[in-house]
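Computed from the coordinates by the stated procedures, all read-outs in this text should not be read as laboratory data. All values derive from a computational prediction rather than experimental measurement. Here the Cβ is made from the backbone with ideal geometry for all residues, glycine too, and neighbour counts use every protein chain on show.
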Amino acid sequence: MTTVESATKILDTMLGHLGMTATIEVQETHDGPCLQIHSTQSETIIGHDGDRLDDLQYLVNRILRRHFPNAERIKVDCEHFRSIQEDRMTSEIKSISERVKASGRPFQMRPLNAYYRRLVHNILAADPQILSHSPQGEERLKRITISLKPSPASNP
C-alpha cells in the first residue's frame with residue numbers, strides 16, 4: 001500500500017468515526033498529493049475558516065508518519081476550499097506587497113497557521129524588493145511582517 005493510499009484510508013476511517021459520509025479523490029498538485037473530500041456535510045468538515053480541515057490534515061499526516069516516517073506531506077481539502085482560499089490569499093499578498101512598496105512601511109498580517117505562512121513566503125520569495133519575516137516560537141498561529149528589503153549601500 002502506498003503512502004497516498006494509506007493517507008486516504010486514514011482520512012476515510014477518521015471521517016467514518018465522526019459519522020460523516022464522504023468520497024475522497026486523490027489529486028496531484030504543485031504541492032504534492034491532495035485528498036479532496038466531497039460530501040454533503042462539507043461545511044461541518046471544513047469548520048470555521050477551515051480550522052477542522054486543518055485539524056484533519058494535521059492528524060492524517062501525524063498518523064501517516066508513524067507508519068511511514070519519510071512520507072511526503074499530504075494536503076487535505078474539501079470541495080476545493082483550500083484552493084479558493086489560496087487564490088484569495090495570493091491576491092491579498094500581492095496587494096499588500098504593492099502597498100508596502102508604495103508606502104515604504106512594513107505591514108503585519110493577521111495570524112496564520114504554518115501552511116498559509118509557507119504560502120505567503122513562497123509568493124513573496126520571487127519579489128526582489130520585498131522581505132517576509134515570521135517570528136520564532138512554538139505558537140500555532142503567527143503574524144508575518146512584510147517589509148521592503150534594505151537597499152544595498154551605494155558606493156561613493
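Some observations on this one:
- Of Y116, V26, Q41, farthest towards positive along the dipole that unit charges on Lys, Arg, Asp, Glu beta carbons give the chain: Y116
- Total lysine pairs whose alpha carbons fall under 27 Å of each other in the chain (8 or more apart, or interchain): 7
- Here the spin labels are modelled as points 7 Å beyond Cα on the Cα-Cβ line, and at A114 and D55 they lie 1.8 nm apart.
- Fully extended contour minus Cα-Cα distance, from T40 to R66, at 0.36 nm per residue: 6.3 nm
- FRET efficiency, M14 to R143 (Cβ-Cβ, R0 25 Å, nearest 0.05): 0.25
- Using alpha-carbon coordinates, inclination of helix 114-125 to the longest axis of the chain, degrees: 40
- Once the Cα-Cα distance is subtracted from the 0.36 nm per residue extended length, the E98 to E5 segment shows a gain of 29.3 nm.
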